[in-house]
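Trainee: The structure follows.
Every number here is computed from the coordinates shown, using simple stated rules; none is lab data. All values reported here derive from a predicted model rather than from experimental measurement. Counting neighbours? That spans all protein chains shown, and the Cβs are built from the backbone with ideal geometry, glycine included.
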Amino acid sequence: MAENKIKTVSNVDWHSGFYGAIGLEFIENDDDITLIDEHRLNHQPIRIDLLVVKKNREIQIANELGAAFRGHNIMEYKSEDDILSIDTVFKANAYASLYKAYGKHVDDIKADDITVTLCRITYPRDVFKALKNYGYAIEQIHQGIYMVTGKFIFPTQIVVMKQLDPELHFWLSNLRKDIPEPTFRDVIIRMHGFTTKQERAYAKAYFGALAEYND
């Protein structure tokens, strides 16, 4: 069962919406993973937006967002009002290092069992330019999903939500402001089709944020 600890930021609970969107994106593997929202690092006030833990590393995530996932997968979401900068990318990797360091015992979490994912609605042109200037390479591995390769300890991917296939990634691609009214109605129709308790829980978290985004 996923853990959902919600924190409201700037009157829009986008953490909750992101939690719901990822839960719905990975619903085919819901029994194989655990979602931990705003995972605290040690006892410090530093939190990972979302931690996706595969119960069995060998399980392949059906959704291409998780194709590069390993055992422990740190996800950071930036809303349209937040800044995604080169420092954000390094900070996410720093969080991954802290997460590894705060295992239950020495080397409890292996470095090669961690990935980092950053999600934002628009194409981060300045970030990609800065990364390239530092000697990193950017490869688009799926539509809207870019892998950063180079000196980072952990595999790092950047997801441009606006570029995602809107059918394959309906929930994440529509977690934004000013979605068209027909799309908003489609969200409601799809939600009404959910039959399981977990699907409805994810949908409730998602819709709460979406309704605030598009009030």
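Trainee: In degrees, nearest 10, range 0 to 90: what is the angle between the Cα axis of helix 86-101 and the longest Cα principal axis of the chain?
Mentor: So the helix axis and the longest Cα principal axis differ by about 70 degrees.
Trainee: Using just the helices of the chain, give the 222 nm mean residue ellipticity in deg cm²/dmol: DSSP H runs with n ≥ 4 each add -39,500 (n - 2.57), and the total is spread over all residues, rounded to 500.
Mentor: About -10000 deg cm²/dmol.
Trainee: If r is the Cβ-Cβ distance from GLU181 to LEU98 and R0 is 45 Å, what FRET efficiency results, to the nearest 0.05?
Mentor: 0.60
Trainee: Want the number for LYS151 to ASP87: 0.36 nm per residue separation, take away the alpha-carbon distance, what's left?
Mentor: Additional length available on full extension: 21.6 nm.
Trainee: What percentages, rounded to whole numbers, describe P(r) for the chain computed over all alpha carbon pairs with 5 Å bin width beginning at zero?
Mentor: Result, from short to long distances: 1, 7, 15, 20, 21, 18, 11, 5, 2, 0, 0 percent.
Trainee: What pairs from LYS129/LYS197; LYS104/LYS162; LYS55/LYS91; LYS78/LYS204; LYS162/LYS197 go past 32 Å between their alpha carbons?
Mentor: Exceeds cut-off: LYS129/LYS197; LYS104/LYS162.
Trainee: Sticking with this structure for a sec: Rounding to the nearest 20 debye, state how big the charge dipole of the chain is about its Cα centre with +1 on each Lys and Arg Cβ and -1 on each Asp and Glu Cβ.
Mentor: With Lys and Arg at +1 and Asp and Glu at -1, about 480 debye.
Trainee: Shifting gears a bit: For ARG125 and THR34, what does the FRET efficiency come to when R0 = 45 Å and r is the distance between their Cβ atoms, rounded to the nearest 0.05?
Mentor: Efficiency for this residue pair is about 0.85.
Trainee: A further question follows. Report, to the nearest 10°, how far helix 181-192 tilts away from the longest principal axis of the Cα atoms in the chain, using its own Cα long axis and a range of 0 to 90°.
Mentor: Orientation of helix 181-192: about 90 degrees from the principal axis.
Trainee: What's the angle, to the nearest 10 degrees (0 to 90), between helix 197-213's Cα axis and the longest principal axis of the chain?
Mentor: 90 degrees
Trainee: Quick one: if you stick a label point 7 Å off each Cα along the C-beta vector at GLN60 and ILE138, how many nm between them?
Mentor: Simple spin-label model gives 2.9 nm for this pair.
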